[in-house]
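Working notes for the structure below.
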Amino acid sequence: MTPRRRFLLGSAAAAGALTVGWSLMPPRQRLISGAPVPVAAGQVALNGWVSIGADNTVTVIMAKSEMGQGVHTGLAMLLAEELDADWATVRVQGSPVDRIYANIATAVDAAAFHPDDDSAARKATEWFTAKLVREVGLMLTGGSSSIKDLWLPMRQAGASARAMLVVAAAQRWQVPVAECTVAAGKVSHSGGRSATFGELAADAGKQSLPSKVALKEPAQFKLIGKPLPRLEAAAKGDGSAGFGIDVVQPGMLYASVRMCPTLGGSLARVDRVAALKLPGVQHTVALASGAEVAEMAGLTGGVAVVADTPWHAISAARQLVLEWVEGPNAKLSSAQLMQQFVAALAGTPGFIYHQQGDTDKALAGAAKRISADYQAPYLAHAALEPINCTVLFKDGRAQVWAPTQVPDVARGVAAKVLGLKDEQVDIHVTYLGGGFGRRLDVDFVAQAAAIAKAVPGLPVQTFWSREEDTRHDFYRPASASRFEAGLDAGGRLVAWFNHCASQYLVPAVMARYSVGMPAMPLVAQGQRVLAETLSPLIRLPGVGPDKTTLEGAFDQAYEVPNRRIGHTAVDAGVPVGFWRAVGHSHQAFFKECFIDEVAAAAGQDAVAYRAALLAQHPRHLAVLQRAAALSGWGQALAPAADGAKKARGVALHECFGSIVAQVAEVSVAADKKTIRVHRVVSVIDCGTPINPNLIAQQCEGGVIFGLSAALYGDITVENGQVQQSNFHDYPSLRMDASPQVETHIMPSSAHPQGVGEPAMAPTAPAVANALFALTGQRLRSLPLKLS
């Protein structure tokens, strides 16, 4: 054995041994940040999540990005509940970058285990992952995880602050702590004395953090479960809310960009003469040519025009004469890629995510066998706020204003591009005008930093046109899926085989993140050594299989005695990224449409057939039955206003911990082509409902987003170039086509789960299944189009 190999193996063993010992220790606390929380004059921070001002203002430190999902309100409710704060005094403030704010729930949920798996391997993986992410994780808003991730930390922070306030009051009054009570922002003593939080804050800040606090039981909740209005609603209503595109700084310049039309291409030559002669134009900046593209978090090369106003920048950018290096994707075609995905289905799956029983034997002995292939296209995010970022690079420091879902990665990539240390960059997270996963990438931050570096001393706001936004997205992966089912003589489902083919997603995103992430410390290296050794068993996210490729297919509740579900990864040049509901966004369509095919082949009702497969899953069954009852399933439907016949379709799906059943009422217009959705009944079990208003809003938005994808969404690539450019050829559902959406929330006291994405997933299959009931056409590809 060579000395180098002995050294590598010895180092790996040492790291692994260290990890074993470290992993057995309890997780570190999430209440005290590594650096003091910034506070304004008159405020006192009681932990890393809350400060209290002398004016009684309660400021909740917010580590999650607000992009329309209402998370600032929901999370503030958790802390205010345990603090017993006066809700009228609650405000939110963005957090600094710190490891206590890392998103643990998303990383734990990324491990590819079936929800029914109760194995030691799963428990060990989740334990290791939670501990690792506490040390080296990301400050990430996504995966419908914010409430789930901070359900305990926020409540513990509020309860700890409450206890410190009570101790301060008891010491001031020289009375036992047990004789003090707290309500609506005030501490009171049974003897008649009282003090507001503001009056006690300074003394409370001198107290030690309690080692243990008791949290309220659900019966004691005063805020949780109430439909409170959103904290930012007034600011959004009067226009004072600050989105990224709203940032204005003294002396600010504006940069409009043009990027190579071919994905991954770069700039060969630019003629700037005409553009530089135009009024207001200050500079042109070449962006990420050749090898630099990989260092810009996946950005396609291009050029920027920097000017005094947005319009001057846009006008001048149009005057640039450009020549491009198209690169290796010049012949890329989405149609050919789909053919590759379909061809891959002819082989055996590359990785089996879930299996039970003997599927081959059950299929061979089945009384009836049915099969079908499904397809879903690439999709863009098309958030209303176009891509933008503002950067000031001055005196060896940088200020970055960004609508981002990953502030620590955004800070890191800006620092790298500017040649700074992370701590020399201050990141300011604005409101996001929609995210849907697009702002989990940081290419636009790297680009903005590169432009600001070329114009030091002045803030520069880089913004993309809608066309650049659409043609240079990180797209929802396209996918093809093959099913085969076996039924016994009584029509019961006895075998289920599913093979899907698509690009891997997580490795692509993590490769882009690596640009802005620090080197992995020794503990994480040891964790990786163990994970690589045991990956077939523990399935650690980032090391084991990419769960996102098959989530929604392998992790569902239907009780089929023999099943095998796997995936084959296919290399492709289309840049892919996280998109609302991620794998569930297409796997729910595949799976729920095929289960409908199975029910039809068995000659049974679609709801009843599903119900028979949920005997051991009472929560799923209850959601399904509730949706059926509320929608009038099985009852006659009145025709549409124009007399067209209507039909219902059903879908049931679990994702991000929440269970959603939907029933869609659909008709077809007189042209026999236009699909009209009149009503969607949506029932969700998301665990403890924090704020019913927020849940209903997210379910309604999810249905609309899902219908946009189901009826219109399609990104096509020819000769390496995305063919869609704006809302005229990549449309979203318009108000006049929006259905009546009814949301019903199941009561629960369980740990809260995701809400932002689950209602989107079952919408397309519910509509497709209704169309089959209405027309007899089984549509197996998206977007839905009648022949």
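The values are calculated or read from the model by the stated rules, or taken from the named source; none is laboratory data. All figures in this text were calculated on a predicted structure; none of them were measured in a lab. Neighbour counts are summed over all protein chains in view; Cβ atoms, including those assigned to glycine, are modelled from backbone coordinates with ideal geometry. Only protein heavy atoms, including side chains, enter the accessible area calculation; ligands, DNA and RNA are left aside. Shrake-Rupley method; radii C 1.70, N 1.55, O 1.52, S 1.80 Å.
A Cβ-based charge dipole, computed about the Cα centre of the chain with Lys and Arg at +1 and Asp and Glu at -1, lands at about 660 debye. Just checking my list [x] 25; [y] 34; [z] 30 against percent of Cα pairs over 46 Å apart computed from this structure; which label fits? For percent of Cα pairs over 46 Å apart, the calculated option is [x].
Label zone of Q171 (point 7 Å out along Cα→Cβ, amide N under 14 Å): in the stretch 208-233 this covers 208-210. Length gained on full extension, A130 to D671: 189.3 nm, using 0.36 nm per residue less the C-alpha separation. With helices as the sole contributors, the chain gives -10500 deg cm²/dmol at 222 nm; each DSSP H run of n ≥ 4 counts as -39500 (n - 2.57), and the sum is divided by every residue.
When each of the peptides 367-375, 54-62, 696-704 is scored by how many other beta carbons lie within 10 Å of its residues on average, the order from highest to lowest is 696-704, 54-62, 367-375. Listed by chain and number, the aspartates and glutamates whose C-alpha is less than 16 Å from the C-alpha of K186, apart from same-chain residues fewer than 8 away, are D55, E81, E82, D84, D86, E199, D203. Placing +1 on each Lys and Arg Cβ and -1 on each Asp and Glu Cβ, with no other charges, gives the stretch 447-514 a dipole about its Cα centre of roughly 140 debye. Label-to-label distance for S194 and A235 is 3.0 nm, based on points extended 7 Å past Cα in the beta-carbon direction. For L345 and L152, what is the calculated FRET efficiency with R₀ set at 41 Å and r taken between the beta-carbons, to the nearest 0.05? My answer for the efficiency is 0.45.
A straight Cα-to-Cα reach below 27 Å connects K591 with the lysines K148, K361, K368, K547, K645, K646, K672, K673, K785, residues fewer than 8 places away in its own chain not being considered. With all protein chains present, how much of the accessible area of the stretch 277-436 (probe radius 1.4 Å) comes from carbon and sulfur, to the nearest whole percent? Carbon plus sulfur share of accessible area: 52 percent. Element breakdown for the stretch 567-720 at a 1.4 angstrom probe: carbon and sulfur atoms account for 53% of the accessible area. Relative protection proxy for 251-259, 179-187, from highest mean packing down: 251-259, 179-187 (other beta-carbon atoms within 10 angstrom).
Taken about its Cα centre, the stretch 594-683 carries a charge dipole of about 180 debye when Lys and Arg each add +1 at the Cβ and Asp and Glu each add -1 at the Cβ. With 21 Å as the limit, the listed pairs K236/K394; K64/K212; K131/K222; K64/K416; K421/K453; K277/K394 have K236/K394; K64/K212; K131/K222; K64/K416; K277/K394 beyond it between alpha carbons. Residues in the stretch 74-222 average 40 Å² of solvent-accessible surface per residue, probe 1.4 Å, ligands and nucleic acids excluded.
The label-point distance for L786 and D395, in a model that sets each label 7 Å from Cα toward Cβ, rounds to 6.7 nm. For the pair H428 and R492, the difference between a 0.36 nm per residue extended length and the Cα-Cα distance amounts to 17.4 nm. Gain on full extension, evaluated as 0.36 nm per residue between D308 and E718 minus their Cα-Cα distance, stands at 144.0 nm.
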